[in-house]
Amino acid sequence: MADGAGDERDRILKINQLAELLAYHSNLYYNEASPEITDSEFDKLRDQLVDLEPDHPQLSRVGSDPPPGSVKVEHQFPMRSLDKANKEEEVFHFVSQTTVSGRRFVCQPKLDGSALSLEYRRGRLVRAATRGNGTRGEDVTANVRRIPNIPESISWEGDCHIRGEVVMPLSIFEEKYSKIAPNPRNLAAGSLRQKTFDAGKGRA
C-alpha cells in the first residue's frame with residue numbers, strides 16, 4: 001500500500017510539474033515572443049501530460065492569458081488552435097476519418113507566425129487582437145494599422161471578423177534581422193506587441 005501511495009504522489013507531482021512547465025513556456029511563446037524550447041520539445045512535454053492525465057485543464061488551454069497591463073479584448077468568436085499529428089498513426093487516423101464517404105481534404109504548408117483577429121465594421125477596420133487564451137486577447141490595433149498589406153477598409157460594407165497569421169518573409173528576415181533575432185516568427189510576434197512605434201518602422 002505504501003509503495004502504491006508513493007507512486008500516486010509521484011504521478012501527481014509529475015502532472016503538476018508538466019502543467020506548470022506548459023503554462024510557463026506558453027507565456028514565453030505567445031506573450032514574450034522569446035521561447036526557450038523548440039516546438040517539438042513543447043509537444044513532447046504536452047504528450048507526457050496527455051499520457052499521465054488526458055483530461056487535465058492545461059491541455060484544453062489555447063495560447064496564454066494576455067500579459068498584465070495590456071489592453072484586453074474579448075473575442076466574439078473563440079480563436080481555436082489546430083490539432084497536431086506528430087505520429088504516423090495519428091496522420092493515418094486523420095486521413096481515414098476525414099475521407100469517410102468519399103470526402104476530400106487539402107494539404108498545404110503551415111506558415112509559422114502569430115495568430116491575429118481583425119474586426120471590420122461597415123467595411124472599416126476597428127480592432128485587431130492577438131489570440132491570447134482563445135477567448136481573450138490583446139488589443140494590437142495601433143501596430144496592425146502599420147502593416148502595409150492589412151487594409152483599413154474592405155469593399156464589403158458589412159461587419160465581419162477575419163482570422164489569419166502574421167508572418168515575416170524569410171527574405172526580409174535574412175536581409176535585415178537575422179543577426180538580432182533567432183527566427184522570423186518571434187520577430188513578427190514581437191512586432192505586433194511592441195510598445196514604441198519607432199522600433200517597428202520598416203518591418204513587413
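Could you please find all residues in region 78-127 being part of a strand (DSSP E or B) and either assigned by TED's automatic domain parsing to the domain that holds residue 23 or in contact with a Lys or Arg (Cβ under 8 Å, 6 or more places away or on another chain) (or both)? Can you show your working first?
Taking region 78-127 and keeping what is part of a strand (DSSP E or B), we get 114-121, 124-127.
The answer is 114, 115, 116, 117, 118, 119, 125.
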Discussion item. Here are the criteria: (1) closer than 22 Å to residue 38 by Cβ; (2) in contact with a strand residue (DSSP E or B) (Cβ under 9 Å, 6 or more places away or on another chain); (3) exposed (fewer than 14 other Cβ atoms within 10 Å of the Cβ). Tell me which single one residue 167 does not satisfy.
Written reply: (3)
Worksheet item: Is region 5-12 home to any residue that is at pLDDT 90 or above, surrounded by 11 or more Cβ atoms within 10 Å (Cβ to Cβ), in a helix (DSSP H, G or I) and over 20 Å from the mean Cα position of the chain (by Cα)?
Response: yes
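Of all residues in region 160-181, which are touching a residue at least 40 places away in the same chain (Cβ under 8 Å) and assigned to a loop (DSSP other than H, G, I, E, B)? Outline the logic, then answer.
Kept after step one, since they are touching a residue at least 40 places away in the same chain (Cβ under 8 Å), are these residues of region 160-181: 160-168.
Correct list: 167, 168.
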Discussion item. Can you find a residue that is polar (S, T, N, Q), on the phi < 0 side of the Ramachandran plot and either part of a loop (DSSP other than H, G, I, E, B) or crowded, with 18+ Cβ neighbours inside 10 Å (or both) anywhere in region 39-59?
Written reply: no
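The values are calculated or read from the model by the stated rules, or taken from the named source; none is laboratory data. Keep in mind the model is a prediction, meaning the values are calculated, not measured. Reconstructed Cβ throughout: ideal geometry from the backbone, glycine too, with neighbour counts over all protein chains shown.
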